[in-house]
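Peer 1: First the structure, then my questions, so here it is.
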Amino acid sequence: MRALAPAVLAALAFAGCQRETRDFRTDPPVLAALDDVAPLPNRIGGAPPDVYVALGQPYQANAYALSEGKRLYDGMNCKGCHADGGGGTGPALLDGWWRYGPDIVSLYVTLRDGRPRGMPSYADKLNSEQLWQVAAYVQTIGSYRAATAATSRNDQMQSRPSENRGPARAPLTEPPSR
Amino acid sequence: MGLKAYAFETSIRGALVAGALLGSQTARADPPALGLETIGRLELAWTFRTGNPRGHAGAPAVSGDSIFVLTPFPHALVALDLQGHERWRVVPDSDPRAEGLATGGGVTDGPVLAGGRLYLTTLDGHAMAVEAATGRVAWDRAVASLDAGETLRNAPLVQGGRVYVGSAGDDAGARGWLAALDSGTGRELWRRLSTGPDGEVGIGPQFRSAYPTEAGADLGVRTWPPEAWRQGGGSPGPILADAELGVVVYGTGHPAPWNPDQRPGSNRWTSGLFARDAATGAARWFTPTNPHDEHAYGAASPNLLVDRPWRGVDRKLLVHPDPNGFLQVLDRETGLILSAKPIVPTNAVSGLDAGSGAPVRADAKRTHADTMTRDICPAWTGPVLAEPALSAETGFVLLPTSRLCMDLEPRDSGVIPGTLSIGANVRLKVPAGPAGALVAWDLEREAPAWTAEEPLPLAGGVLATGGLAIYGTLDGRLKALDARSGRSLWEYRAPSGIIGRPVAFTGPDGRAYLAVLAGVGGPLGQAARGGIDVRDATAAGGLANAVRQAAYRDILGQGDESGSLLVFRLP
Amino acid sequence: MSAPAILPGELDRGAERAILHRQLERTWATPAGFWGALTTVDHKTIGLRYIVTAFGFLALGGVLALAMRWQLARPESRVLSADLYNQAFTVHGANMMFLFAVPVMEAMAVYLVPLMIGTRNIAFPRLNAFSYWIYLFGGILLWAAFALQIGPDVGWFAYVPLSGPQYSSGKRADIWAQMITFTEIAALAIAVEIVVTVFKQRAPGMSLDRIPLFVWGALVTSFLVMLAMPAIMIASTSLILDRLVGTHFFNPTEGGDVLLWQHLFWFFGHPEVYIIFLPATGMVSSMLPTFARRPVFGYLPLVLSIVAIGILSFGLWVHHMFTTGLPRLGESFFTASSMAIAVPAGVQIFCWLATLWDGRPVWRTPLLFIAAFIVTFVLGGLTGVMVASVPLDLQVHDTYFVVAHFHYVLIGGAVFPLLGAIYYWYPKMTGRMLSERLGRWVVGLIFVGFHLTFFPMHFLGLQGMPRRVYTYQPEMGWGAANLFVSLSSILLAAGFALFFLDVIRSARRGPVAGDNPWDASTLEWATTSPPPPYNFARIPVVTSANPLWSEREALPVVTGLRVDRREIVISSVSDATPQARESSPRDSIWPLVTAVAASVMLIASIFTPWAVVWGAIPVAAALIGWFWPKGLPEDEA
Amino acid sequence: MRERVAIDLAHLPLHGRSTASPTWWGTLAFMLLEGSGFALAIAVYLYLLSNAPEWPIGAPAPDLGPGIALTALLLASLVPNHLVARWAAKDDIRRTRIGLLVMCALGVAPCILRIFEFRALNVSWDDNAYGSILWLLLGLHTTHLLTDLGDTIVLTALMFTRHGRNRRRFGDVEDNAVYWDFVVLAWLPIFACIYGVPRL
């Protein structure tokens, strides 16, 4: 019986752990609410929608969401300009020095509305959840979010060291020359 | 020697004064002209910083005592006097969205001077005419649509009162076209596409191909999967004109998307050479060089028109350094391929089929969706990116070559407006040995006369004048060689890598000048300036992978914050 | 009355039986209490623990199976979400194969082999303790992951590319792969122990032709484990490397190959079936003579077919891959060898039938289970011959036909004999009998429930119902059969529930068994039930293949062993001539410490490769603690 | 059950050596299972090779220098290894101690060379499958080198303590020598794969 108390306590503590949920379909009202971002007037940074916070920022630390983001990054031709983060016609993402900053809301707005220098809008191609997924994935390219969740390399041509290989990659300390 | 170079009027890239003929015509006993003896004394007169960091391709235009420079996007057209003082400047409105379609570093070319006017095209799709004397804009037409993924890269060709403009943007899934505008008003006279029904392509009764494979109705539709021709690519390369025959000649770009399995068929009329009636745009002939292009080669390389005897008969020739690595010599009256020899190490194509003119592809280097093919030579960039030149003194064709190879993995991709539907993973590679070379090609022997090896690929055009071959390198060296032997005679270290083409001219003061734009960029120089993260091997069309190799690493840091015009003068 | 003090070097010669027992007790017994439980190296304690844990996992896996049946009972049911269903069938399969079937067979060997060959403890008893802890931690890893909804969701064989870095995000597939590592380390450790125990610790006189058939089964199984399990270690390591550090073993674009996974997996996976099946046949061969009341018919053919099955099992792996488009010749070869293995399997069945035919069968519960096994396994074997032919396999691959087939083979071929074995050896393990009346109910419910559950699945498979789908549409017409299957599974579950009930109840209240309740012939029945910590006060000397039947008056034994240290007899490999009096290690906490350190290293290495570097340091420290001599009598030589 | 004493075993030694020792057989069993691991890793190598249009993939063949040096060193270490085994069999504590010190040095040296060997592969584990299997093979063998080195070092330390003068410990030294033989011999096919096959 003495052994039972710690066991029950351990089980309770375990029960409090966060579950990794994978919803394959999100409710339409949530989808609508997820689009309710409030960017700052210069459209750099801002506040995420309430529902995003209420859901516990479900995209940035969820491996499934990140890999969905990666899949969309590939399928939506992001690679055509940004390659696998190294850039080309579009700016590089790997270095983490971004024109509109590292904030997830900036990324969301960038993807949804586009940016003047050639970045197209994806508002009519992706729903809000997908936009969040891509934004969260792009954030991991620039190493702004290390840690608890990451995608891994794809089964295709090796383009750069696997995302989760070795210790987390820190962003460059100096902006690269433009 | 029965040889005539179409150097200026028909110049592909718009320099009024270039090549040997002018040099020899304007030569006076004193002061000396640029030549083998005098080149050593050439000295820098002045430089002009353009303030634009992109790659500066092409050459400035020169007229009397004025030099005209069109900077890269966002463009400025600047007129300078021969002392380097700015006379006037025209800054066209620019649409920044064009940057998103600026593949390969987004280099542009121009301006072209004709009849006292400067003609230019802008990356964001405008064709313009500007009065050379005053800088007044005579007309300004939006001819290409960014919404459709179209941009304008090549300099216009001005001839016979018409301005010929070719679109770019096959990586964005745009259909390539060639348009003729009225040089006086900018009114569009005709526009012919590279894919689609015969009516839109301009295939009619005039069309006679040297090859039987090109006969048939609506090949531009039938050689594609249903509707695929609507985003089929095929953007024209640099345009040449032969006034005598009344034709314009150009190569068409690769079909879109890169993945060959998404577009089974021979994909007419991409990746081949077109000759069109200069007045109506009707096609005269088409010679495919890379049908059902599997390596994104296309055929849009800079060509040369040469008139010389061929196997004892005087012939009008088209010298076409095809991106698949073979230098092809065609009869430009019929489109018949007379000769095809590799100018760089190749393995994707082993030779040409005599009957159809089609390349014989090596099975080991064919590409398929989701399959990586390693070490395909040459790379998609092709062996010759910039203008070759004909050396009048020697008769050699001077070819600035690159010897890159690539790993290519085509993947399925859809066309999404505003994006580039390349869909392929590609890594460029520097094979063993030098990455570039200036090749002096002897048309007579169908073999190189000499080869000047370079550690980096050559991405700028060549100037042949006074028995010299003058060209710049990606690591910023401007070099002059003896065109007969390839012996190095003179070298100058520029502040940035060079992808432009030098021009030589004689000023009103009678002194010999040499001008060149420095400013590294373009598909082979893009990585020099930063903005590319080479940790991703596929960045910048795979260039990052090459830059990570020791042989190519010298290019890093060659970029300058601003391109510049360097003007040299003999004392 | 306390035993007199034990003098250093004292031998067991003169002592009275009662004093000898107390002296041995003092030397061999594990101290009572929590610390003793953590440090014990007694193969019986560990074996029992192993068995109980494995049956615990069986129960958990069974609950998952019921949940899946609940979900599938009706079309478009919403009991489990698609994601949860994916995890459920993966965890069910992985749990049953890696946490129940293999470990329980090895656990039975850990418990029984030393008793059956007449020695006092298994070889490398500390490794044995370590093996259990590692196994337990691996099992907890899988189930904790499932509870956190990061359970693997890629099928129990985790085919790439689904389980690879691109399509399986998060750590789910890594948890599967690392769980494999845990259970394989545990299984390999036991295999080494069993081999060395059987080779070197047999009672004097137990030459090769006197080894009980279960021990033969365990021995051949151990060799299968040692030769086959490295394949899955290489495979799961490559998978983790692909996922963690970006290697390209399974990335076709960079020269890897997805079929490589299947080759490696089935090179292990097919012998795996025999790793489960061979001990089960050994159990049958060992139990049958007791209830047929005669020595087993055809001892030599039985041994040879065990060995033959062991060897042939390595030539079969490709028959799991017929649908991958292999060369025709290869397919024909593997079809032929799949058919060939039916020969030794048939020899076994005929030997058993002959034993029964010639004997005077006593129809107790274990024998009923054996009968259920023979019927069911033959049916499973028949469908096995069907799927071994390429054209049919192409048709039924990945359908419920295959689900039915392998449940017939695994439950019919391994679980039925195992349940019989539990009924048979339960009195030895606990000293009490299981209920014969309930036992007949258990056999009946499980046998009927099993066939009603799985036989209709053959038809579902032929109708095209694929495996691993979380639901199906009403128009498919599978609803009625699925409902029937789901309802029948309740019957099967009830049988197992009754079994668990009986096992728990009888442990306290069952009739006292005595040393040899079945009047069996093998050595484990020569000692008390349950056996003392030292198994045998004096090591027996073996004179025949059925020693307890041939030496009915008095069992010949050896003397001259020390009582002040844990001492066992080492004998020669072929004819078991005594060679040395070897010591057997005492209890130690270090195996547990090492297992904890190794578990931390293995789990952390799911997240960072550096865990292997830094995690190796505590593991090495623990191993030094494990092996460093403590100056005990056992260290003498 | 009644018992009758049939044999008295008091005359038997308190510890078996060589084939009479369970440790010896345990070592053999571990060699068998590790050997099958090596064999399977080599099978993976050959399988990938048979699939590849070119081999090695996208890299020059590994440089020979460190590999040959290491192989020579390993083969040379067999001599002192067998001497140590012989001295241990004779229970010669002094020579065994010296021999073990030599074996420690001969265990450290290959590990140092191994660092250079990884560099000499000319390919990274994440470049392509060829690099992956090369690193796996070399890593697998390095693990064995390191574990046996650790084993040897601990055993050496043990032999210098009061526990050293014990036949059981001499037996451990013998078993350790057998395992080192295995580590060396297992290297030879791997060496042939890594360095020989790409040059065929």
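The values are calculated or read from the model by the stated rules, or taken from the named source; none is laboratory data. What you see is a predicted model; the values in this text were computed from it and never measured. In this analysis, Cβ positions are derived from the backbone assuming ideal geometry, glycine residues included, and neighbour counts consider all displayed protein chains. To get the accessible areas, we keep the full protein, side chains included, count just its heavy atoms, and leave off ligands, DNA and RNA. Shrake-Rupley method; radii C 1.70, N 1.55, O 1.52, S 1.80 Å.
Peer 1: For region C:1-159, rounded, prolate or oblate, judged on the Cα gyration tensor with a ≥ b ≥ c (square roots of eigenvalues), a/c < 1.5 rounded, else prolate if a/b > b/c?
Peer 2: It is prolate, given that a/c is not under 1.5 and a/b is the larger ratio.
Peer 1: From the residues A:TYR122, A:ALA135, A:THR89, which one has its Cα farthest along the dipole of region A:30-165 in the positive direction, the dipole being from +1 and -1 charges on Cβ of Lys/Arg and Asp/Glu about the Cα centre?
Peer 2: Looking along the dipole axis, the top candidate is A:THR89.
Peer 1: Report the dimensions of region B:394-452 along its three principal axes from the alpha-carbon atoms, largest first, rounded to Å.
Peer 2: 50, 27, 17 Å, listed from the longest principal axis down.
Peer 1: Where does chain C land at 222 nm, in deg cm²/dmol rounded to the nearest 500, when only DSSP H runs of n ≥ 4 count, each adding -39500 (n - 2.57), divided by all residues?
Peer 2: -20500 deg cm²/dmol
Peer 1: Still on this structure: Can you tally the net charge around C:TYR472? Count Lys and Arg as +1, Asp and Glu as -1, for every other residue whose Cβ sits under 14 Å from the Cβ of C:TYR472.
Peer 2: +3
Peer 1: Also: Take the alpha carbon atoms of region C:594-637, find their center, do the same for region B:497-531, and report the distance between the two centers in whole angstrom.
Peer 2: Using only Cα atoms to place each centre, the spacing works out to 67 Å.
Peer 1: So what's the Cα pair-distance distribution over chain C, bin width 20 Å, in %?
Peer 2: Pairs per bin, as whole percents: 19, 53, 26, 2, 0.
Peer 1: From the phi of every residue in region B:277-290, what ³J(HN,Hα) in whole Hz does the Karplus formula 6.51 cos²θ - 1.76 cosθ + 1.60 yield, where θ is phi - 60° and glycine or proline is x?
Peer 2: Rounded to whole hertz, the list is 5, 4, 8, 10, x, 5, 6, 8, 8, 9, 10, x, 10, 9.
Peer 1: I've got another one for you. How large is the translational diffusion coefficient of region C:232-346 in µm² per second when you combine the Kirkwood radius over alpha carbon pairs with Stokes-Einstein at 10 °C and 1.306 mPa s?
Peer 2: Value of D from the Cα-based Kirkwood radius: 96 µm²/s.
Peer 1: Turning to a different aspect of this structure: Which value does Rg/Rh take for region B:108-179 over its C-alpha atoms, Rh per Kirkwood?
Peer 2: 0.99
Peer 1: I would also like to ask the following. Treating region C:244-311 as a set of equal point scatterers at the Cα positions, no solvent, please give the Debye-formula log₁₀ I(q)/I(0) at q = 0.24 Å⁻¹.
Peer 2: For the requested q values the scattering log ratios are -1.01.
Peer 1: With angles folded into 0 to 90 degrees, how steeply does helix D:129-159 sit against the dominant principal axis of chain D? Use alpha carbons for both and round to 10.
Peer 2: Tilt relative to chain D: about 30 degrees.
Peer 1: Still on this model: At 10 °C and 1.306 mPa s, grab the translational diffusion coefficient of chain B from Stokes-Einstein with a Kirkwood Rh over Cα pairs, rounded to a whole number in µm² per second.
Peer 2: The estimated diffusion coefficient comes to 69 µm²/s.
Peer 1: Under a 5 Å amide H to amide H cut-off, with H placed in plane at 1.01 Å, what residues pair with B:LEU336 once short-range neighbours are removed?
Peer 2: Long-range HN contacts for B:LEU336: B:ASP331.
Peer 1: Springs between alpha-carbon pairs under 10 angstrom, Gaussian network model over chain D: which of D:ASN51, D:ASN176, D:ASN166 fluctuates most?
Peer 2: In this elastic network of chain D, the residue with the biggest mean-square fluctuation among D:ASN51, D:ASN176, D:ASN166 is D:ASN51.
Peer 1: Along the charge dipole of the protein assembly as shown, which of D:TRP25, C:ASN251, B:ALA386 sits closest to the positive end, that is, farthest toward it, with unit charges on the beta carbon of Lys, Arg, Asp and Glu (+1, +1, -1, -1)?
Peer 2: Sorting the options by dipole projection puts first D:TRP25.
Peer 1: Please identify, among D:LEU75, D:LEU40, D:LEU138, the residue showing maximal mean-square fluctuation in a Gaussian network model of chain D using a 10 angstrom Cα cutoff.
Peer 2: Of D:LEU75, D:LEU40, D:LEU138, the most mobile in the Gaussian network model is D:LEU40.
Peer 1: For the protein assembly as shown, count the residues as N, evaluate 2.2 N^0.38 Å, and divide the Cα radius of gyration by that value, please.
Peer 2: That ratio works out to 1.12.
Peer 1: Quick check on region D:9-85: what does the Kirkwood estimate of hydrodynamic radius come out to from the alpha carbon pairs, in Å?
Peer 2: 16.9 Å
Peer 1: Can you list, bin by bin at 10 Å, the percent of alpha carbon pairs in region A:1-128, starting at 0?
Peer 2: Calculated P(r), rounded to whole percents: 10, 35, 30, 12, 8, 5, 1.
Peer 1: Still on this structure, please answer the following. Rg and Dmax of region C:280-412 over Cα atoms: what are they, in angstrom?
Peer 2: 16.6, 52
Peer 1: Also: B:HIS75: accessible area at probe 1.4 Å, nearest 10 Å²?
Peer 2: The value for B:HIS75 is about 10 Å².
Peer 1: Viscosity 0.692 mPa s, temperature 37 °C: Stokes-Einstein D of region B:305-456 from its Kirkwood Cα radius, in µm² per second?
Peer 2: Approximately 195 µm²/s, per Stokes-Einstein.
Peer 1: Something else: Roughly how tilted is helix C:610-627, in degrees to the nearest 10 and between 0 and 90, from the longest Cα axis of chain C?
Peer 2: The two axes meet at around 20 degrees.
Peer 1: Region D:73-176: percent of C-alpha pairs farther apart than 22 Å?
Peer 2: Cα-Cα pairs of region D:73-176 separated by over 22 Å account for 39 percent.
Peer 1: Taking Rh as the Kirkwood radius, which is the inverse of the mean 1/r over Cα pairs, what is the Rg/Rh value for region A:66-161?
Peer 2: With Rg and the Kirkwood Rh in hand, the quotient comes to 0.92.
Peer 1: Over chain B, what percent of the accessible surface lies on carbon and sulfur atoms, probe 1.4 Å?
Peer 2: 50 percent
Peer 1: Could you tell me the center-to-center distance, by alpha carbons, between region C:347-382 and region B:38-117 in angstrom?
Peer 2: 95 Å
Peer 1: Using the crude model of +1 on Lys and Arg Cβ and -1 on Asp and Glu Cβ, and no other charge, please compute the dipole size for region B:88-189 relative to its Cα centre, in debye to 20.
Peer 2: Using only the charged Cβ atoms, the result is roughly 360 debye.
Peer 1: Looking at chain D as a GNM with Cα springs under 10 Å, which of D:ALA20, D:ALA72, D:ALA88 has the largest mean-square fluctuation?
Peer 2: D:ALA20
Peer 1: Helix-only estimate, please: 222 nm mean residue ellipticity of chain B, summing -39500 (n - 2.57) across DSSP H runs of length 4 or more and dividing by its residues, to the nearest 500.
Peer 2: -500 deg cm²/dmol
Peer 1: On a 0 to 90 degree scale, rounded to 10, what angle separates helix C:342-358 from the longest Cα axis of chain C?
Peer 2: 50 degrees
Peer 1: By accessible area of protein heavy atoms, probe 1.4 Å, what ranking do D:LYS90, C:LYS630 get, highest first?
Peer 2: Output order, biggest surface exposure first: D:LYS90, C:LYS630.
Peer 1: Looking at the square roots a ≥ b ≥ c of the eigenvalues of the Cα gyration tensor of region B:321-409, which shape do they give, rounded for a/c under 1.5, prolate if a/b is larger than b/c, or oblate?
Peer 2: Oblate, because a/c is 1.5 or more while a/b does not exceed b/c.
Peer 1: Taking a cut-off of 29 Å between Cα atoms, list the lysines near B:LYS479, but don't count ones fewer than 8 places away on the same chain.
Peer 2: Here the lysines satisfying the reach criterion relative to B:LYS479 are B:LYS4, B:LYS341, B:LYS429.
Peer 1: Now, a different point. Using the alpha-carbon centroid of each, what span in Å lies between region B:434-460 and region A:64-109?
Peer 2: Distance between centres, Cα-based: 40 Å.
Peer 1: Here's a follow-up. Strictly greater than 23 Å: what percent of every Cα pair in region D:20-199 meets that?
Peer 2: Of all Cα-Cα pairs in region D:20-199, 45 percent lie more than 23 Å apart.
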